[in-house]
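Laboratory data are not the source of any read-out in this text; all were calculated from the coordinates shown. Here the structure is a predicted model, which is why all the values come from computation and not from measurement. Virtual Cβ from ideal backbone geometry, glycine too; neighbours counted across all protein chains shown.
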Amino acid sequence: MHPYLERLSSGLGETVHLGRLDGDTVSFVDAVESPRAVRVGSRLGKTMPAHCTSSGKALLTMLDEPAIRTLYPDEKLPRLTPQSVTKHSVLLKAGRRGPRPRLRSGPGSCCWPRRVRRTRGSRN
C-alpha cells in the first residue's frame, strides 16, 4: 500500500495518511509527509478518537447504525478539536450519506478522506 500513498502524495504535493478503525479509535498505520514547508504533519503511529479526525469519520461511515450505537452509546461525545463531532446522531447521519468530499482537519487545513477496503487476496 505504501507505493500508492507515495504516488498520491507526490501527485497532490500533500501529506497522505492511512488509518485503520480500531473500535472507536483510528490508528494511523502509514503516512507519506508532504515536502512543503506548511503541511499537516504525519500522525504515523498515533491513535486518536475516530470521531475527532477526518480519517476516523470517513471510516465510521462504513459502519451500520447498530455498530455506531454500540461504539457510541451516549449521545454526547467528547470534544478534542473545534471540528470534533460531539453527537452520535451526527455520525449516524454521516453514515447514511457516506463520507463528505472534504472535512476540516484543523485550523487552516482540510482533508479529503477516502475509504479503502481490503480486497480478496490482499495481505494487509
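Using DSSP to define loop residues, name the GluC sites (Glu not before Pro) in the stretch 1-91 whose beta-carbon has at most 12 other beta-carbon atoms within 10 Å. List each step's numbers first, then the result.
Working: sites: E6, E14, E33, E75; in loops: E14, E33, E75.
Loop-located and lightly packed - E75.
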14 Å reach of a label modelled at L92, 7 Å along Cα-to-Cβ, counting backbone N of the stretch 57-79: 64-77
Mean separation of Cα contacts under 8 Å (6+ apart) over length of the stretch 22-92, as relative contact order %: 27
